[in-house]
Structure formats: C-alpha cells, structure tokens
Amino acid sequence: MTQSDSAPVRRSRFAVAGASGLIGSALTRSLRADGHDVVRLVRREPAAPDEVRWDPERGSVDAAGLSGCDAVLNFAAAGVGDHRWTDEYKRKIRDSRVLGTATLAEAVATLEQPPRVFVNGSAVGYYGDTGTRAVDEGAPPGDGFLPRLCVEWEEAAAPAQEAGIRTVFARSGLVVSRAGGAWARLFPLYLAGLGGRLGDGRQYWSYIALHDEIAALRHIIDTEELSGPVNLTAPHPVTNREVTAAMGRVLHRPTLFTAPAPVLRLVLGEMAGDVLGSTRAVPTRLLESGFTFAFPGIEESIRAARK
C-alpha cells in the first residue's frame, strides 16, 4: 500500500491500538502519509473524530468504530523494560497484552464486515534463549516468563482466527530507534561515553530498523499469503559485542564500560536473564514472501536511527 506515481493507492481504513507507542505511532504516520484513514483506540472518552473508545481490562470496545476497517492492528502493551519485574508489574505486562488482544479479537470476530487482516503484536521473546542457534517461525517456544507470555498473547487472538480472519503475529525484535523502546535508552549512554557490552557480550540480539519494522508491517497487510507468526527482525542477528562496537563507530564514542552479569542480576533481578540471554531469530517467512530490507545491517540501522 505504498503510493507510487503510476498506481494510485485505494484509500483504506485502519484501526490501531497502541497508536501512541513507538511502532503504532510510526505506522499511523506512514499510513496517513499515503492517504489512508486511521482510527486510534484510546482508553478515555474520544476527543477527536479519529478516536475509538476501548477498555481492554474490562473487555470492551466500541465495535462500531472498527466497522469498515480493512485491517485492525494491535500494539498495545506495557513496556517490558520499564520497571523491575515484581509480581505486580509482571501481571501488568501480561494483562496489557493478553486482555487487549482478546478484547479486539472477540470484537472483530462479531463484525458483519470483518477486517481483511488482524495483525497482533508479539515478540521474538517467544523463542527464549536460543544460544548460538538460529531460529525461525517454525521453532517451538522457549522457557521462562517471556516465552510463556508470548504464547498466551498469541493464543488470545483465537476468536479472530476461528472467525476466518487472516491473523498475523508480528514477532518483533529490538527496534533500533531513538524515538522510543529499549534502544532509545542506549543512545544517551553511548553519547555520554558510558556505553559498553552487557555480560560477556556473546549473546545474540535480533534487531530491526524502525523503517524496516513499519515497511514489514505494511508488507504483511498487503500480502494475503502471510498468516500466523512472522519474525520482524533483520536477516543477520548480531552479538552484543558487535552492537557495542557498531554504536561506538557510528557515535564516535569509546565503549570501554562493561556491565558484568552479577551486577545486572543484582540491579535488574529476573529481567537480567533476558538481557543476558541470546535470541538469534531470523525472518524466514518475511524474506520468502519477497520483502526487501532497506537497512539489513546493524551499523546502517544505527545510522538511520541517528538521523
């Protein structure tokens, strides 16, 4: 659905949950730039014509606002790295994903005119710690809090799938951006000369440039053959050591500092296991469907985020 001089794009209608977040806001801008209508789901009383009320905790959404949408996309989720993982915050992480997905999936399943596609956020955390082993969408879930969470998150979309709606689970990697997400916290540290590897730095990071994340989502919307899990990651995951070196080169800063594993476990608690864990996810289905990355390498992804 990217506009071109030779082929005008049909104006479509989209609904986006999590439209204020990094991915949701960037996708909304991209769709609107091509002339499409986007309605944003909000948890308060709507204050603009492009807003639709929903309350995922109570399982309610103004279904009329979803009527006529070509696609419904859900990226609503509490930040995994925003707080230490207390039992209370882990419950918030889970509920924000599972309850929100169930609410939307049940709503679109009841529409007389359902959307062509329901795209639900997910994450490569589904695979857990894979060490040096590369995994694609056919791999089973790993062990631990995040893999269990991702399984529940995706299972909550069952009503949409059972209603015959093409449902895609966008398993995103770490999005390289200065505008938000985990990577946005790295830039100030490296610019201050405080960047460095985490633990031994041998753990793999599956990343994707924000530009490619949005382009991949647009590709998923347009590609009728894609359903189920799709990894949104660059083709060649890199180690934390390689990320550290690339950040240093692009930002022209030293990378002498290290965060030893015991210190990370002390400071982060249970979350440290995922910071130090290795997930080497590859985008097999995206590549097989004809998608082309604009920023396939880590250094070029960081340079694109720096602009």
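Express the relative contact order of the chain as a whole percentage, based on alpha carbon pairs under 8 Å and six or more residues apart in sequence.
With pairs under 8 Å counted, the relative contact order is 18 percent.
Could you give the size of the charge dipole of segment 92-133 about its Cα centre, using +1 on the Cβ of each K and R and -1 on the Cβ of each D and E, expressed in debye and rounded to the nearest 20?
Once rounded to the nearest 20, the dipole reads 180 debye.
Measure off 7 Å from each Cα along the Cα-to-Cβ vector at Ala158 and Arg185, then give the distance between these two points in nanometres to one decimal.
3.4 nm
Would you look at the GNM of the chain, springs on alpha carbons closer than 10 Å, and say which of Pro296, Pro147, Pro260 moves the most?
Top of the fluctuation ranking is Pro260.
If I stretch the segment between Arg133 and Thr284 completely, what's the gain in nm (0.36 nm per residue apart, minus their alpha carbon distance), one decimal?
Result for the pair: 52.9 nm of gain on full extension.
Work out the charge dipole of the chain with +1 on the Cβ of Lys and Arg and -1 on the Cβ of Asp and Glu about the Cα centre, then indicate which of Ala102, Ser177, Ser25 is farthest towards its positive end.
The residue sitting most towards the positive pole is Ser177.
Could you provide, to the nearest whole Å², the per residue accessible area of segment 201-307 with probe 1.4 Å?
With the other protein chains kept in place, segment 201-307 gives 44 Å² per residue.
Pick from His211, His236, His83: which residue has the top mean-square fluctuation in a GNM of the chain where Cα pairs under 10 Å get a spring?
Sorting by GNM fluctuation, first place goes to His83.
Can you tell me, using C-alpha contacts under 8 Å and at least 6 residues apart, the relative contact order of segment 91-178 as a whole percent?
Over segment 91-178, the number comes to 42 percent.
Mind listing the long-range amide H neighbours of Thr239? Cut-off is under 5 Å, sequence gap 5 or more, other chains count too, H placed in the peptide plane at 1.01 Å from N.
Amide H neighbours of Thr239, under 5 Å, 5+ apart: Trp205.
Can you compute the label reach from Ala78? Point 7 Å from Cα along the Cβ direction, backbone N cut-off under 16 Å, restricted to segment 43-62.
Answer for this model: 56-59.
Using θ = phi - 60° and the Karplus form 6.51 cos²θ - 1.76 cosθ + 1.60, what ³J(HN,Hα) does each residue of segment 37-42 get, whole Hz, x for Gly and Pro?
Using θ = phi - 60°, the values come out as 8, 10, 9, 10, 7, 10 Hz.
Take the Cβ-Cβ distance between Leu194 and Lys307 as r, set R0 to 25 Å, and report the resulting FRET efficiency rounded to the nearest 0.05.
Efficiency at R0 = 25 Å is approximately 0.65.
Hey, can you grab everything whose amide H is under 5 Å from the amide H of Val52? Only 5+ residues off in sequence or another chain; H modelled, so Pro and N-termini drop out.
Amide H neighbours of Val52, under 5 Å, 5+ apart: Arg40, Leu41, Val42.
What's the magnitude of the charge dipole for the chain around its Cα centre, counting Lys and Arg as +1 and Asp and Glu as -1 at the beta-carbon? Answer in Debye, nearest 20.
Roughly 1120 debye, rounded to the nearest 20.
If you put +1 on each Lys and Arg Cβ and -1 on each Asp and Glu Cβ, how big is the dipole of segment 1-110 around its Cα centre, in Debye rounded to 20?
200 debye
Between Arg10 and Glu112, what's the calculated FRET efficiency when r is the beta-carbon distance and R0 is 22 Å? Round to 0.05.
With R0 = 22 Å, the Cβ-Cβ based efficiency is 0.55.
Using Cα atoms only, what is the angle between the long axis of helix 87-109 and the major principal axis of the chain, expressed in degrees (0 to 90) to the nearest 10?
Helix 87-109 and the main axis of the chain meet at about 30 degrees.
Counting DSSP beta bridges in the chain, what percent are antiparallel, to the nearest 5?
Here the antiparallel bridges make up roughly 10 percent for the chain.
The values are calculated or read from the model by the stated rules, or taken from the named source; none is laboratory data. Since the structure is predicted, the reported quantities are computational estimates derived from the model, not experimental observations. Glycine also receives a Cβ, built like all others from the backbone with ideal geometry; neighbour counts cover every protein chain displayed. Just so you know, the surface numbers come from the protein's heavy atoms only, side chains and all, with ligands and any DNA or RNA stripped out. Shrake-Rupley method; radii C 1.70, N 1.55, O 1.52, S 1.80 Å.
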